[in-house]
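Remarks on the structure that follows.
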Amino acid sequence: MKTGRTWVVYTLIRIGIFAVVLAILLVTQMTPWIAAVIAAVISLCASYIFLRKPREELANGLFEARHGTAKPSPRAAEKPGSDEDLEDTVVEHAGEGVNTDARAGDEAGHPAPGEAPKA
């Protein structure tokens, strides 16, 4: 099972256990906030005991994602007109003292808007 699907199934089962226990406690006329706390503790214990397989699948998927053993997802194709080339240029010239700021004026020496003319 995929990690995303495992995550959803595990979460829905835990929420379901909590909701059932909470409903039973509320039907017994228990104070709502106390019922919620008790339902949370009971659902935590029940999920720890009975949901071992989905929890371990989820943990393994997270471990693989964290340590790079999982297959990388395919990257989307680059859209035309994106600014990736500009970003590459800025990164390449970052330590060289080259001014890559588009607001700093143009090649002809004209000042940027709001900037005082150079004497």
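Report the extension gain between L62 and D85 in nm, rounded to one decimal, defined as 0.36 nm multiplied by the number of residues separating them, less their alpha carbon distance.
Here the segment from L62 to D85 would lengthen by 4.9 nm.
What is the Å³ per residue value for the convex hull set by the Cα atoms of the stretch 3-67?
Taking the convex hull of the Cα positions in the stretch 3-67, it is 76 Å³ per residue.
All of the numbers you see were taken from the coordinates with simple rules; none came from a lab. What you see is a predicted model, and the numbers here were worked out from it, not measured in a lab.
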